[in-house]
Every structure is written in C-alpha cells, then in structure tokens.
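For reference, the structure is listed below as structure tokens.
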Amino acid sequence: TATAAQVFKCSIEEVTSDLRRKAKTVNFGIIYGISAFGLSQRLGIPRGESAELIKRYFETYPGIKTYMEKTVEDCRINGFVSTMLGRKRMIPDINSANATVRGFAERNAINAPIQGSAADLIKLAMIKIHTDMKSAGLKSQMIMQVHDELVFDAFPDELEVLKAIVKKGM
C-alpha cells in the first residue's frame, strides 16, 4: 500500500486494491527486468503509461536502480552473485555475446541475491523456531514452508506460546 501511494503519488487512504495490484506488478516486474512493453501487457495499459510508471518507480526508489546496475556490473567482473549470508550463485552467461542469453543472466544476477537471501533468512528462522519449540517442550509442529511463510500444526493450548516463539523467530 505504501509503495502504491508513493509510485502513484496519492495518499495511503486513496490506494485501491487495483492500485496496490499494479504497484506489486511494477515492483516485481522491475526486479525481473520487465520492459515498458511487458508491463503494459501485464497491466493492460498503454506503453507510454507503463514507461511513466517505471520512470516514477526509479525516481521514487533510486537505490533500486543503483543496486541493479552495481549487482550486474559486479557479476560481470566476478561471474557470480552472493546472498546476504555469502552463499554464491554462479552466473556463467553474464558476459554472453548473445543479447537474449545475457539479458536472462542479468535478470538472474539481480534476482538471485534477493531470493537467495530470503531463502537464507527463512531457513535461519526455521532453525531458531524449531529449537525454541523443542526447548519449550511443545507438541505442536512446524509442518511446511511456503516461500516466506511457515505452516504449523498447533495444539490450541500451546497457541499463545507458539505465536510468541514464531514472532521472535521470524
């Protein structure tokens, strides 16, 4: 909602579910290297309007453009990108002469540290939560991870303790 308000230059109260959906599409699209044409197709808006959205997004969040450019340049030099915790992903096609192959590699170079860092963080949270659940002697179980969410099979009488453990662990 906050991103939508900033990108569409309106108050938080004026943000509709449609503006929020569009902002989410812009946000994720830019991270994946979407073009004005691609964004216009996804949102069903004229290409000029989508180009303006992308321009406004980078004006609102100039650090993202800097991150993207620096990440690709570092990857060109090193041949890999790293997560926040230092896990490396090799990107062998980053200097490909084929523009299509190189573009795919550039999008991977930008996305891998973001997605990989999120994966690192959820794994650390899972370990901490599991350890704290065992220490508290809970019978409830963590049963599944879906992206940035954890699913629990919780005993009702343990719910408040489990919520506190999960909140702290996440």
Residue pairs qualifying under the 6 Å Cβ cut-off, at least six apart or on distinct chains, with the first in segment 1-16 being closer than 16 Å to F28 by Cβ and the second being open to solvent by 70 Å² or more (accessible area, probe 1.4 Å) and not in a loop (DSSP other than H, G, I, E, B), are T1/I12; T1/R20; A4/R20
Take K22 and decide whether it is among the basic types (K, R) and either part of a loop (DSSP other than H, G, I, E, B) or loosely packed, with under 12 Cβ neighbours inside 10 Å (or both). no
Working carefully through the options K168, K65, K128, K88, find the one that is under 23 Å from I30 (Cα atoms), at pLDDT 95 or above and open to solvent by 70 Å² or more (accessible area, probe 1.4 Å). K88
Scan of segment 91-104 for residues that are of a type outside the set (S, T, N, Q) and either open to solvent by 80 Å² or more (accessible area, probe 1.4 Å) or over 19 Å from Y32 (Cβ atoms) (or both), ordered by number: P92, A97, F104
Only one of these is closer than 19 Å to A4 by Cβ, assigned to a helix (DSSP H, G or I) and out of contact with any His (no Cβ under 9 Å at 6 or more places or on another chain): A105, A112, A125, A51. Name it. A51
Can you go through Q145, Q141 and tell me which one is touching a strand residue (DSSP E or B) at 6+ places or on another chain (Cβ under 9 Å), farther than 29 Å from G63 by Cα, in contact (Cβ under 8 Å) with a residue 12 or more places away in the chain and open to solvent by 90 Å² or more (accessible area, probe 1.4 Å)? Q141
Could you run through segment 17-28 and say how many residues are closer than 20 Å to K65 by Cβ and free of Cβ contacts under 8 Å to residues at least 24 places away in the same chain? 4
Restricting attention to segment 32-61, which residues are open to solvent by 80 Å² or more (accessible area, probe 1.4 Å), more than 17 Å from the chain's Cα centre (by Cα) and of a type outside the set (D, E)? F37, Q41, R42, P46, R47, K55
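The values are calculated or read from the model by the stated rules, or taken from the named source; none is laboratory data. Please read all numbers here as calculations on a predicted model, not as lab measurements. Neighbour counts are summed over all protein chains in view; Cβ atoms, including those assigned to glycine, are modelled from backbone coordinates with ideal geometry. We work out accessible area using only protein heavy atoms, side chains counted, and drop any ligands, DNA or RNA first. Shrake-Rupley method; radii C 1.70, N 1.55, O 1.52, S 1.80 Å.
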